[in-house]
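Working notes, structure below.
Just so it is clear, none of the values below were taken in a lab; they were calculated from the coordinates. Only a predicted model underlies this, so the values are computations on that prediction, with no experimental measurement involved. Quick reminder, even Gly has a Cβ in these numbers, built from the backbone with ideal geometry, and neighbours come from all protein chains shown.
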Amino acid sequence: MPQQPWPLPRSGRHRVPAVPTEPLTSSSLPPWRPLLRAAQEKEGRSPMRRWVQLATTGTDGWPRVRTLVFRGWRDADTVELLTDQRSRKVTELNQNPQCELCWLLPKARCQFRFKARRLTLHPDDQERRALQHWVQLSPGARALWGWPSPGEPLASDANFPEAISDGTPPPTSFQLLSLRVQEVELLELIGTPHRRRRWMAQDGWIAANLNP
Ligand SMILES: Cc1cc2nc3c(=O)[nH]c(=O)nc-3n(C[C@H](O)[C@H](O)[C@H](O)COP(=O)(O)O)c2cc1C
């Protein structure tokens, strides 16, 4: 089956998705955003450019971490991800909206860590925004949201559609996660010593230098 796991939007596999964001000038961006952008650009066409690790607290208290595709910025400091509403991570974020994203950009030899909180949007806003993402996905990419509930035992007669066609409304399993970043740490393995910086929203994103 030619289905690729978690394909990128059809607007271009390695380009920023065409989902509109708020108009932002570089002066209205937190100072770590251009650094992240530059590190992403060093990745070139590598998918690592858009793969992030999302850590949540499991309902049993154990940490849980998994890879997701970064889908874009909602605004200056809010990351958008797509997932299945039936997945564990959604239950975990419903219980505890605090999470961490870790973004390794190997070509730039750096790691960004984002302390973030899941936002609860107005239902109309959530629906409008999710639809903007949904229509950008290819039929094959959409199919994943028609698969049986993730993490459940595999049934021998389960139906895994290969495509969900254009014009089909998003199923209830389609979930947009909006994560507002509150703290950022950047570690750069360049030179000696390595360079570690932190920015916190509550401090107006003023940079603090830390021991690596
Ligand atoms: C390269 C890669 C990209 C992935 N992208 C996503 C994604 O964008 N959204 C998503 O929900 N899961 C994605 N997954 C699957 C998750 O890592 C995870 O297995 C799944 O979401 C179930 O996680 P959970 O049971 O902790 O909720 C991706 C996996 C890989 C390997």
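Worth a mention:
- Residue exposure proxy: His194, His133, ordered by other Cβ atoms within 10 angstrom of their Cβ from fewest to most, comes out as His194, His133.
- Put simply, segment 106-153 fits an ellipsoid with semi-axes of 26, 20, 15 Å; these come from the alpha carbon gyration tensor as the roots of five times its eigenvalues, largest first.
- Nearest-ten-degree value, helix 32-42 long axis tilted from longest Cα axis of the chain: 70 degrees
- Computed from the Cβ-Cβ distance with R0 of 30 Å, the FRET efficiency linking Ser149 to Gln98 stands at 0.75.
- Distance between segment 157-211 and segment 97-150 - C-alpha centres, whole angstrom: 8 Å
- Using equal-weight Cα scatterers in the Debye expression, the normalised intensity of the chain in log10 at q = 0.08, 0.09, 0.15, 0.17 Å⁻¹ is -0.30, -0.38, -1.05, -1.32.
- Sites Ala76 and Thr168 - FRET efficiency at Förster radius 30 Å, r taken between beta-carbons, to 0.05: 0.40
- Taking amide H positions as modeled 1.01 Å from N, with prolines and chain starts lacking one, the residues under 5 Å from Gln175 and 5 or more places away or on another chain are Thr83, Gln85.
- Between 0 and 90°, nearest 10: helix 123-136 axis offset from the chain longest Cα axis: 80 degrees
- Each residue, Ala158 and Leu121, gets one label point 7 Å from its Cα in the Cβ direction; the gap between the two is 2.9 nm.
- Ellipticity at 222 nm from helices only: DSSP H runs of n ≥ 4 in the chain, each -39500 (n - 2.57), divided by the residue count, give -5000 deg cm²/dmol.
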